[in-house]
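A.B. asks: Questions regarding the structure given below will be posed in turn.
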Amino acid sequence: MKTLSHFLLIISCLFIATQAILGQEMVADATTSIVTSSEERSTMLFLEEEPIEIVLEADFKTLFKNRSAEPEYQIASIQYNDPLKGDITIPLKIRLRGNFRKKQCSFPPIRFNFQKKTVKGTVFEGQDKLKLVTHCRSKKESYQQYLYGEYLAYKTYNLLTDFSFRVRMVKITYKDTSGKLDDITRYAFFIEDEGSLAYRLECRNLERKNVHPDQTIRKQVDVLSVYQYMVGNTDWSIPNLHNIKLLKDSIPSHKPIAVPYDFDWCGIIGAPYAVPNPVLGIKSVKERIYRGFCRTEEEFKESFEVFLEKKDEIYATYTDLALLDHIVREGALKYYDDFYEVIQNDKYIKREFIDNCRKGR
């Protein structure tokens, strides 16, 4: 049986889709970020699984003070050891990023800004701007575990479809050049740039709001919606482009594809700051609620089959990450056990999906 990702690559980028709700007029009106075939982007950074060890030097005292909506970039540098070339130093600029975490975290996420000429011949070759997900709070080990959980959420979705953001774990020593903060070493992870994602999949980014989920590729959005139920995530919206990117190939009649990101509010992670929207009627993010649109029982089971085929690989992703605390691991796998019990029981399928699916818009 062909994998879902292979099937979707074919129908999105090679075949002409059946009638498209989004036609030429929508594409022409949309504001897009187009990645041309002449632009080369290396994927070296995301091809390996082993964490990279780097030293990041910057004035973190000043960096952490600037939490405005669009903070200015500051000068920084990265050092790492290449097995063949020895120690390598790369100059770059960094700034804080994010919305909620920039305000709530003592150590917020960071955006890296490289110059292509400075990364040539390094593990960062081809990279321009990169998102770094950090540990949020330095004094609580539990926050490092939450970070591992979010990393694994990305890795799990990678197993289900190629239309997903790649990630790479990194062990960072943060050196404060102001001399006012102590050096600390923590794990973090890089997220594939959205331009690189689009280039890899021979698509472009479609910056268009108010796109109904059923105006995207149906099989893909079905798996996405079931996945969000699986990990207990309600913090997403396709019409609002909230924690969602849309990709579109060059064929006007083809529908776009929705790609999720930002999983720190998932129930499987259980971060203390994550709370559900009151309108959903659930008290905790650990309570699952299906936020996808209605499908037939046959369509639901077709989507479930993708998860059943990947079950062993998903569980192995958690058991193979030695950094994950064993109690956290057991809790995550139990959370997944409950999901798999639901999708293999007709009574539960009706209760959780068929009876609770979203109708209309």
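The values are calculated or read from the model by the stated rules, or taken from the named source; none is laboratory data. What you are looking at is a predicted structure, and each value in this text was computed from that prediction instead of being measured. Cβ placement follows ideal geometry from the backbone for every residue including glycine, while neighbour counts extend to all protein chains displayed.
Here's the yes/no breakdown for (1) more than 27 Å from residue 343 (Cα to Cα); (2) touching a Lys or Arg at 6+ places or on another chain (Cβ under 7 Å); (3) hydrophobic (A, V, I, L, M, F, W, C):
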position: 209; (1), (2), (3): yes, no, no
position: 224; (1), (2), (3): no, no, yes
position: 233; (1), (2), (3): no, no, no
position: 243; (1), (2), (3): no, no, no
position: 255; (1), (2), (3): yes, no, no
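A.B. asks: Of all residues in segment 131-184, which are at pLDDT 95 or above, out of contact with any Leu (no Cβ under 9 Å at 6 or more places or on another chain) and assigned to a helix (DSSP H, G or I)?
C.D. replies: 142, 143, 146, 147, 150, 153, 154, 156, 158, 159 - these are the residues of segment 131-184 that are at pLDDT 95 or above, out of contact with any Leu (no Cβ under 9 Å at 6 or more places or on another chain) and assigned to a helix (DSSP H, G or I).
A.B. asks: Out of 221, 226, report the one residue that is in a helix (DSSP H, G or I), touching a Pro at 6+ places or on another chain (Cβ under 9 Å) and in the same structural domain as residue 282 (by TED's automatic domain parsing).
C.D. replies: On the way: 226 fails: touching a Pro at 6+ places or on another chain (Cβ under 9 Å).
Answer to the check: 221.
A.B. asks: Another question, then. Considering segment 179-237 alone, what residues qualify as being touching a Ser or Thr at 6+ places or on another chain (Cβ under 7 Å), crowded, with 17+ Cβ neighbours inside 10 Å and among the aliphatic types (A, V, I, L, M)?
C.D. replies: 188, 206, 217, 223, 226
A.B. asks: While we're looking at this one, here's another question. Taking segment 102-154 as the region of interest, how many residues are farther than 24 Å from residue 90 by Cβ and among the hydrophobic types (A, V, I, L, M, F, W, C)?
C.D. replies: Of the residues in segment 102-154, 4 are farther than 24 Å from residue 90 by Cβ and among the hydrophobic types (A, V, I, L, M, F, W, C).
A.B. asks: Hand me the list of helices (runs of 4 or more DSSP H) wholly inside segment 247-361 holding 2 or more residues that are hydroxyl-bearing (Ser, Thr, Tyr) and crowded, with 17+ Cβ neighbours inside 10 Å.
C.D. replies: On the way: elements: 297-309, 311-320, 326-343, 346-349.
Counting at least 2 such residues, we get 311-320, 326-343.
A.B. asks: Within the set of pairs 6 or more residues apart or between chains, which connect a residue that is under 15 Å from residue 94 (Cα atoms) inside segment 42-62 to a residue that is outside any strand (DSSP E or B) and basic (Lys, Arg) with Cβ atoms less than 6 Å apart?
C.D. replies: Close Cβ pairs satisfying both conditions: 61/180.
A.B. asks: Mind listing whichever residues of segment 139-163 are in contact with a Lys or Arg (Cβ under 7 Å, 6 or more places away or on another chain) and surrounded by fewer than 22 Cβ atoms within 10 Å (Cβ to Cβ)?
C.D. replies: Taking segment 139-163 as the starting set, the residues that turn out to be in contact with a Lys or Arg (Cβ under 7 Å, 6 or more places away or on another chain) are 143-144, 158-160.
If the condition is that a residue be in contact with a Lys or Arg (Cβ under 7 Å, 6 or more places away or on another chain) and surrounded by fewer than 22 Cβ atoms within 10 Å (Cβ to Cβ), then 143, 144, 158, 159 are the ones that fit.
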